[in-house]
Amino acid sequence: MKHLLSIEALTRDEIYDVLDLAETLKASRGHHEFLPLAGQCWALIFSKSSTRTRVSFEVGIRELGGSVMFLSATDIQLGRGEPIEDTARVMGRMLDGAVIRTFLQSDVETFAQYSRIPTVNALTDDEHPCQILADLQTIRERMGSLEGRSVCFVGDGACNVAASWIWAAAKLDLELRIAAPAGFQPSDTLLERARRTGQILVFEDPNEAARGVDVLYTDVWVSMGKELEAAERMASLAKYQINDALVELATPGALVMHCLPAYRGKEITAETFEAHAETLFDQAENRLHAQKAILQLIAHRA
């Protein structure tokens, strides 16, 4: 694995390589004998704000022996219109790797191509691969195995997190149910490509979608960059909420997951959130361990 650009680009074996190593790194945290990023300097290049992503990558790079610099769009010439190709070629001569959180998927892919250094997609409008790898780690920890599991994504089924879940289902042969209103469902093109190898079902009725599943999953209704659509989105998605009644329809002991930040009373009720807080914050913590595994697997070694 040279880069981590998308779940779509990963093989089943590569996903399990990340999950297996993440489990090992989590168990051995604080007692690392192998520091694969020792002597390396990595950049976090963020055009979108973050809490979990920034903290987990900065901590993870340092725990693996590397040093890290944070660069927002206003810190570098990208914010003034320099082509991504030129930024990439400069940074590729000075850095050992880059973690990019931005809008366009093509920018991350172009950076990887022109920089020729290991590159991690820390979120684009198309995919959020690091989040889904941490989610898979959490499900495996909590349920013992991913085999035969079913996941119900409730809310904006056309967002980047849902898209990465679609590819995870396709790669791992999970059953994924997406509960979303018309206009917020995955594109037919994406579904057609992913359904060749995965079990992806789309529902307008969240109750039907949630019945008997192992995992209920949601994300914010108004993603970054969609703020001008906030009123329309909240009206359209009001019935697509994870609450105690929806949890009752799932398998007994089903996991409730949210990639955070969570807006209580919107995509999830405060009561349901607090009842499942242990899982939700395990999920958040696992961003650190999954990303350390990614970094170790793609790092150039002397």
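The values are calculated or read from the model by the stated rules, or taken from the named source; none is laboratory data. Just so it is clear, the structure is predicted and the values come from calculations on it, not from any experiment. Backbone-built Cβ (ideal geometry, glycine too); neighbour counts: all protein chains shown.
Write out, first by first residue and then by second, each pair whose Cβ atoms fall under 9 Å of each other, whose residues are 6+ apart or on separate chains, and whose first residue, in the stretch 272-285, is closer than 20 Å to THR53 by Cβ while the second is modelled with pLDDT of 95 or more and aromatic (Phe, Trp, Tyr).
Matching pairs, first to second residue: LEU280/PHE273.
For ALA22, state whether it is among the aliphatic types (A, V, I, L, M), in a helix (DSSP H, G or I) and surrounded by 13 or more Cβ atoms within 10 Å (Cβ to Cβ).
Answer is yes for this residue.
Going by what's in this entry, would GLY225 be described as within 21 Å of ASP126 (Cα to Cα) and either acidic (Asp, Glu) or in a loop (DSSP other than H, G, I, E, B) (or both)?
Yes, satisfied.
Taking the stretch 237-260 only, how many residues are farther than 20 Å from ALA284 by Cβ and in contact with a strand residue (DSSP E or B) (Cβ under 6 Å, 6 or more places away or on another chain)?
Adding up the residues that qualify gives 2.
Output yes when any residue across the stretch 272-292 is assigned by TED's automatic domain parsing to the domain that holds ASP135, of a type in the set (Gly, Ala, Ser) and over 26 Å from LEU133 (Cβ atoms), and no when none is.
Among the residues of the stretch 272-292, not one is assigned by TED's automatic domain parsing to the domain that holds ASP135, of a type in the set (Gly, Ala, Ser) and over 26 Å from LEU133 (Cβ atoms), which makes the answer no.
Taking the stretch 45-84 as the region of interest, how many residues are more than 16 Å from ASN121 (Cα to Cα), part of a helix (DSSP H, G or I) and within 22 Å of the chain's Cα centre (by Cα)?
3
How about the stretch 99-190: which helices (runs of 4 or more DSSP H) wholly inside it have at least 2 residues that are touching a helix residue (DSSP H, G or I) at 6+ places or on another chain (Cβ under 9 Å) and either under 22 Å from GLU208 (Cα atoms) or of a type in the set (D, E, K, R) (or both)?
It comes to 129-143, 160-172.
Going by what's in this entry, would MET234 be described as aliphatic (A, V, I, L, M), in contact with a strand residue (DSSP E or B) (Cβ under 9 Å, 6 or more places away or on another chain) and not in a loop (DSSP other than H, G, I, E, B)?
no
Looking at (1) more than 15 Å from the chain's Cα centre (by Cα); (2) more than 20 Å from ASP282 (Cβ to Cβ), find the lone condition where SER145 falls short.
(2)
Quick check on the stretch 171-193: of everything there that is touching a residue at least 40 places away in the same chain (Cβ under 8 Å) and surrounded by 16 or more Cβ atoms within 10 Å (Cβ to Cβ), which residue is nearest to MET224 (Cα to Cα)?
Looking at the filtered set, the residue picked out is PHE184.
Whether any residue in the stretch 117-134 is over 29 Å from LYS239 (Cβ atoms), crowded, with 24+ Cβ neighbours inside 10 Å and among the hydroxyl-bearing types (Ser, Thr, Tyr) is what I want to check.
Yes: one or more hits.
Out of (1) surrounded by fewer than 21 Cβ atoms within 10 Å (Cβ to Cβ); (2) of a type in the set (Gly, Ala, Ser); (3) touching a residue at least 12 places away in the same chain (Cβ under 8 Å), what's the single condition that is false for GLY144?
So the condition that GLY144 fails would be (3).
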